[in-house]
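One structure below.
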Amino acid sequence: MGYTISPLFISTIIIFTITISSPIDQISAVKFPIEIWPKPTIFQWPTPQAIWISPNFAIYSPNHRYLTPAVNRYLRQILTEHHRPLITPSLNITSSPPLAALTITISDAAAPLTHGVNESYTLNIPSTGGGAALTAETAWGAMRGLETFSQLVYSNPSRVACGLYISDVPLFVHRGIMLDTSRNYYGVEDLLRLIRAISMNKLNVFHWHITDSHSFPLVLPSEPELSAKSAYTEEMKYMAADVKNVVEYGMEYGVRVVPEIDMPAHTGSWAEAYPEIVTCADMFWWPAEAEWTDRLAAEPGTGQLNPLHPKTYEVVKNVIHDVVSMFPDQLYHAGADEITPNCWKTDPSIQTFLSKNGTLSQILETFINSTLPYILSLNRTVIYWEDVLLDENVKVNPSLLPPEKVILQSWNNGPNNTKRIIDSGYRAIVSSSDFYYLDCGHGDFLGNDSEYNQPPGFDQGNGGSWCGPFKTWQMIYNYDITYGLTEAESKMVLGGEVALWSEQADSTVMDSRIWPRASALAEALWSGNRDEMGNKRFAEVTDRLNEWRYRMVTRGIGAEPIQPLWCIKNPGMCNTVHPFK
């Protein structure tokens, strides 16, 4: 295989080969003058110092469709970023010649970017000049190593930490962010910026919740009427070229794009094109004087596909076929959350079915049994929200959901539902709303809401947010997604995702709603939230996250601050030594 040299620069390259054991629990708690986010599994830096980077610095790597653009991108960043840390690292510069090159060695360059791909790498930066060595099993692990190398570079002229060795591998294979682009629209440039930030935090999945009851922005060749009639505007659509751009961009950053077309609930937008296949569309979501149990949807925006109407499957299969064709990832998210019983009960054909002793669960089973085999026939593994199995009122028999082909994503009841999923024999992706919902704590979006018509001094509770309070980065960082599970059960947890539902979010607040809280998830799922003694990290992680947030901002990500700048300039002074009761 040929090699890409960026830029063309001939130098003696020193390749270091060091083989040591790398147990996942060897997470160093030592505070270094320069830190990496997320914290590496093993970070050995016996004598912290730095070395100049040659102005002719080169990165030597194998030719690779996606790694090569990443190498060129990181090379530009290394030579031009000139990051100035908020706290100037106390590092002596070695007297050795400047670092001339970084050589990347990959064992399996053909490994595709798929679920479970090896992302491990080792990085050795000598203090003697010459060349540094980055070794990885795959191109995707090499990208993670390049990000680490870039975070070790700082100042103007550029210098890099040296005399160090890093061996790194993630705890969980699935580490992602879910973004809802139906309730409010996000431009393609926003999605690309999100992917950049996902990659620099060593997350690896963009879960794209594309459609919902509110709009259908995705243009599909087989069903063009869905977006033609249900996108908010002509400009608020995702064309096939846009999707290709997002997917390819993700590949260049080592980020998989997993599509979600939620159904059979959350499909009110489909009724604009096909009213005959959607029940309770355009009805008021919670009729006056009705009990909560009589609602027609979980929130404004009603409509559910009718599993008893033959036309439903003609449209659904066209949608699935087109989406699978546009998104190459092996995972396909099919939704299946929040079936609202009364929405189905408004339909005459469903009323007739129920009058003959049929059940709503049987209706959902009809839908799953008519769509899941088709998705599987397209060589996809299906993710469903946990409701399909765990909902109290409408759920399917587990026999319809083969565990080897189905993954369940939890969002209710914290670790309890994760345990229920595992006990049922399924792999789990954790998105507990108690910890991982980034939209929580911003009140509600209902108008004419008398909940706020209260005298001063009333108990504000969750501030009108069903999932309040606001999920702080500390809450996210502290959550152990395998809490209460045995070692064997923990292996069934693939990882987790934070979620930004967009009732009250769009591109104007996307960065600050997601970052740096998603950075907390990134470290917890990459190397854990405990030191090598098994103790939760508290103080030192705050200092590191402050610095990392600042670096993200300098890279164009509008991450919100977590402390006053004074705290960063006075390390430790904003901590507490008192345990909270």
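The values are calculated or read from the model by the stated rules, or taken from the named source; none is laboratory data. None of these values were measured; they are calculated from a predicted model. So basically every Cβ, Gly included, is an ideal-geometry build from the backbone, and we count neighbours across all protein chains shown. Calculation scope for accessible area: heavy atoms of the full protein, side chains included, ligands and nucleic acids excluded. Shrake-Rupley method; radii C 1.70, N 1.55, O 1.52, S 1.80 Å.
Structural remarks
- Scalar couplings 3J(HN,Hα) for the stretch 192-199, obtained by applying the Karplus form with A = 6.51, B = -1.76, C = 1.60 to θ = phi - 60°, are 5, 5, 4, 4, 4, 5, 4, 5 Hz; x denotes Gly and Pro.
- Once all protein chains are placed together, D434 keeps about 80 Å² accessible to a 1.4 angstrom probe.
- Rounded to the nearest 10 square angstrom, K569 shows an accessible area of 110 square angstrom against a 1.4 Å probe.
- By average C-beta atoms within 10 angstrom, highest first, the peptides 347-354, 144-151, 324-331: 144-151, 324-331, 347-354
- Computed over protein heavy atoms with a 1.4 Å probe, the accessible surface of the stretch 343-466 works out to 48 Å² per residue.
- Separation of the Q454 and A288 label points, Cα + 7 Å toward Cβ, nm: 2.6 nm
- Per-residue ellipticity at 222 nm from helix content only, as computed over the chain with -39500 (n - 2.57) for each DSSP H run of at least four residues, stands at -8500 deg cm²/dmol.
- Against the chain, whose longest principal axis is taken from its Cα atoms, helix 240-252 shows a tilt of about 40°.
- Separation between Cα centres of the stretch 502-579 and the stretch 164-182, rounded to whole Å: 16 Å
- Mean Cβ count within 10 Å, highest first, over the residues of peptides 168-174, 473-479: 168-174, 473-479
- Our summary gives the stretch 378-529 a relative contact order of 22 percent, counting only alpha carbon pairs under 8 angstrom and 6 or more residues apart.
- Peptides ranked, highest mean first, by Cβ atoms within 10 Å: ranges 501-507, 521-527, 129-135: 521-527, 129-135, 501-507
- Residue-span extension gain [T346 to N478] - 0.36 nm each, minus C-alpha spacing: 43.1 nm
- Whether the stretch 462-565 is rounded, prolate or oblate, judged on the alpha carbon gyration tensor where a/c under 1.5 counts as rounded: oblate
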